[in-house]
Amino acid sequence: MRPLSPAARWCLIVLGVTICYFATAQIGIQWAIVREQISPLWPAAGVALAVPMLLGPRFWPGIFLGALLTNIALGPSPVAILVISSGNTIGPMLAHAVMRRLGGRNRLDRLPDAVLLVVVGAIGGTIVSAVLGTGVLILDGALVPADFWATALVWWTGDAMGVLTITPLLLLAPRFRLPRGVPLARWGEAAALSLFGLGTAILASVTMSKLFLVFPVLVWAALRFRQAGALMCSLCVCTFTIFAAIHGLGPYGSYALAVRMLHVQAFDATVGLTALVLSTIVLQRDRATAEITDAWCRITEMVDLIAPRQSLRSAITQRKDAEAQAACSSRKRSR
């Protein structure tokens, strides 16, 4: 089979990015609370940041085309659609450039990498799309100026939650391997974690007094299943709490929409940040332990290699000393 040319490969990857962005955007639209296009959880923002981090910045047209296809059906005008799609592209590309400039890496196996993803990717880069999008909707007459801050806040937090919950999982995907030779007890623990995670996520979404039950489960997931387990639990909790808040259920149902979303986003951001940072610290500890173990094995091998030679040298030295003492005693007796 003839291999694809670089141009054909680029086009296929751009098409794949476009499809992924559009598909995840449709999920976010199901939760939209402002103009049926501004959602408190926008998974497409997580995809948009993961694209330059995993594939490189030259595939940005896939992000733009995915955003363009998403916003065409939502309107309100061609100019607004182009500006919103541009903001959805510029934000993650700018965040990626800043993270690369500051030495960020994609593996998320160091605490500075996780901090950069949160501060630059989830908080900083998403401001661009939120401000541009909300501003152009007001200029186009789709929103009144008094709604700017409330709309921009929901837009910004929705994009930030998408980055905080989806991007780390996508960055872990290239390292995913099917488990082999896993003990039955380990599978049982994974099943128990899934049940407890789902149960606490439901409790956190329906009652105020059970909100903080999710954090022991996050600690369990981070310590035993590292980033994959902690991030999946975080995504589960965030999904249930946002769904409950949108439909006026649970502890947030009595508040106005803006206040309700502010409260739930603060809680979800705390959950996502805890899962990401704690699991990264555990992974960093594991790496340090592995490096210490490897160094100890190398030292042990060197000692085992040197010890026989050192023993032979000691035996030769002791024999020479004994011969010297015998010779000295012989000379004394001859005198």
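The values are calculated or read from the model by the stated rules, or taken from the named source; none is laboratory data. Since the structure is predicted, the reported quantities are computational estimates derived from the model, not experimental observations. All Cβ positions, even for glycine, are placed from backbone atoms using ideal geometry, and neighbour counts span all protein chains on display.
If you take the residues in the stretch 57-77 that are touching a residue at least 12 places away in the same chain (Cβ under 8 Å) and aliphatic (A, V, I, L, M), which one is farthest from L15 (Cα to Cα)?
Ranking the qualifying residues of the stretch 57-77, first place goes to L74.
Return yes when L41 is of a type in the set (A, V, I, L, M), touching a residue at least 60 places away in the same chain (Cβ under 8 Å) and assigned to a loop (DSSP other than H, G, I, E, B) and no when it is not.
yes
Based on what the data block shows, is R226 buried (at least 16 other Cβ atoms within 10 Å of the Cβ) and over 19 Å from T270 (Cβ atoms)?
So R226 fits the description; yes.
Filter the stretch 255-296 for residues that are buried (at least 16 other Cβ atoms within 10 Å of the Cβ) and among the charged types (D, E, K, R); which is nearest to V115 (Cα to Cα)?
The residue in question is D268.
Restricting to the stretch 53-69, name every residue that is over 13 Å from the mean Cα position of the chain (by Cα), surrounded by fewer than 24 Cβ atoms within 10 Å (Cβ to Cβ) and assigned to a helix (DSSP H, G or I).
P57, R58, F59, W60, P61, F64, L65, L68, L69, listed by residue number.
Only one of (1) in a helix (DSSP H, G or I); (2) crowded, with 21+ Cβ neighbours inside 10 Å is not met by I27, so which one is it?
Of everything listed in (1) in a helix (DSSP H, G or I); (2) crowded, with 21+ Cβ neighbours inside 10 Å, I27 misses just condition (2).
I'm told N88 meets every condition in (1) more than 22 Å from the chain's Cα centre (by Cα); (2) buried (at least 19 other Cβ atoms within 10 Å of the Cβ); (3) modelled with pLDDT of 90 or more except one. Can you identify the failing condition by its number?
(1)
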